[in-house]
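Here is the structure we will look at.
The values are calculated or read from the model by the stated rules, or taken from the named source; none is laboratory data. Quantities reported herein were computed from a predicted structural model and do not represent experimental measurements. Ideal geometry is used to build each Cβ from the backbone, glycine not excepted, and the neighbour counts take in all protein chains shown.
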C-alpha cells in the first residue's frame, strides 16, 4: 500500500484522538473510495470515529464491515466486540473478543474487554481469569489495571480500589479509573475524597453523565439516612412523652419537650446535610450552584421525594409550634392533639414520599447500568 495511504490513516487517527470527528470522517470516506481493496483499516477507524461521537449503531456497522473484509484480523474482531460491549450488548460481543484473543494471544486488550463483558454478565470467575490474563500480558498498561478493578468492583471493593490506584499511577489522567475509585470512596463514606474525585472527573470529561448520577445517588442516600434517623428518633420521643409525661399531670410538658427535641433533631440533621454539601460547594464551579440547580432535571423523582419530605417536616414543625402555643396558653385542655386533617395530610405526604422512593430505586439502577462512561 502507498505511503500516502498510510499517512492518511495516521492523520485520521490523530483527528479522532483530537475529537475532530467530522474531518476524520471526510478523510476516511475519501480513502474508502480511493482504496476499496484495503477497506478494513478504514472501516476500523470509521468505527472508532463513530464511537467517539457516540453513534453506536454506526460504529457497530462500520466494525462489521471491517470483519467482513478481514474475518481473521484481530483488530477488526476486537473493534466489533468492543463497540458491541459499549452498546450494552456484551453477550454478542464475547465471541468476537474471544476470537481476537485467539488470533493474537499476546494482545492484552481483548482479554480486558472480555473480562468487563463477562462481569457485566455476572460470570465472575471467568471475568477474573480474563482480567488476570490481560494484566499478565500488559502489567504496565493502565487499562489492564482498570479492567482488573472493574471485575472486582462489587466482589472486593478494597482490591478494586488498589487496582484503580495502580491505573492512576501509570496514567494520572485515566478518567474511568478515577470515576470508579471516587464511586467506591462515596460508597465507603469517604465523602470529601469521593466528591473531590468526581469533580476532577467532570473537569476532565464535562459531557460525562455517570459521575453526576453516582453523586446524585450518594447525596440522596445521605438525605434518606438523615431523615430516617431523625424521624425515627422523633417518633420514639413522641411515644415516650405520650406514655409517661401526659399521665404525670402536666400535659403541656410533653408537648414542649417534644418541640425542643424536634428543634434539636432538625438542627442536627441540617448540620449533617451542610457537611455533605460543603465539599460540593468547595470542589464544583460556582460553589456547586449549577450542580444543585440541575438536580431536579437529572432526577425528577428524587426531587419530588425530597419535596414531599420537606412538606412533612414543615407540617411537623408547624403542628408542634401550634401545640406548644395551645398547651402553654392553657387552651388545650388535657392536651389538644393535632387535628385529624393535619395527621391525615402528614401521613399521606409521607406515604407518597415512600412510594416515590420505591419507584425511583429501580429507575436509578437502570440508569446506572445503561449510562456508558465516555472512552
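If you go through segment 74-91 one residue at a time, how many are part of a loop (DSSP other than H, G, I, E, B) and either outside the structural domain of residue 59 (by TED's automatic domain parsing) or within 11 Å of residue 57 (Cα to Cα) (or both)? So the answer is 1. Within segment 282-305, residues that are farther than 16 Å from residue 224 by Cα sit with their Cβ atoms under 9 Å from residues that are in a loop (DSSP other than H, G, I, E, B), at 6+ positions apart or across chains, in these pairs: 290/284; 291/284; 292/284; 298/209. Taking segment 123-134 as the range and being part of a helix (DSSP H, G or I) and surrounded by fewer than 24 Cβ atoms within 10 Å (Cβ to Cβ) as the test, the residues that pass are 124, 125, 126, 128, 129, 132, 133. Checking every residue in segment 35-42 against the condition of being out of contact with any strand residue (DSSP E or B) (no Cβ under 9 Å at 6 or more places or on another chain) and within 22 Å of residue 177 (Cα to Cα) gives zero matches. The helices (runs of 4 or more DSSP H) located wholly in segment 157-249 include none with 1 or more residues which are outside the structural domain of residue 283 (by TED's automatic domain parsing) and closer than 30 Å to residue 259 by Cα. Exactly one residue out of 22, 12, 63 is out of contact with any strand residue (DSSP E or B) (no Cβ under 8 Å at 6 or more places or on another chain) and within 16 Å of residue 76 (Cα to Cα): that is 63.
For segment 92-117, a tally of residues being touching a helix residue (DSSP H, G or I) at 6+ places or on another chain (Cβ under 7 Å) and part of a loop (DSSP other than H, G, I, E, B) returns 4. Take residue 161 and tell me if it is within 24 Å of residue 183 (Cα to Cα), crowded, with 16+ Cβ neighbours inside 10 Å and within 22 Å of the chain's Cα centre (by Cα). When the stated conditions are applied, residue 161 passes them.
Listed by first and then second residue, the pairs with beta-carbon distance under 8 Å, at least 6 apart or on different chains, first residue in segment 107-124 and free of Cβ contacts under 8 Å to residues at least 24 places away in the same chain, second surrounded by fewer than 22 Cβ atoms within 10 Å (Cβ to Cβ), form an empty list.
Just one of the listed residues (120, 143, 216, 192) is in contact with a helix residue (DSSP H, G or I) (Cβ under 9 Å, 6 or more places away or on another chain), surrounded by fewer than 18 Cβ atoms within 10 Å (Cβ to Cβ) and closer than 26 Å to residue 87 by Cα, and it is 120. Look at residue 75 and say whether it is more than 21 Å from residue 108 (Cα to Cα) and in contact with a helix residue (DSSP H, G or I) (Cβ under 9 Å, 6 or more places away or on another chain). So residue 75 does not fit the description; no.
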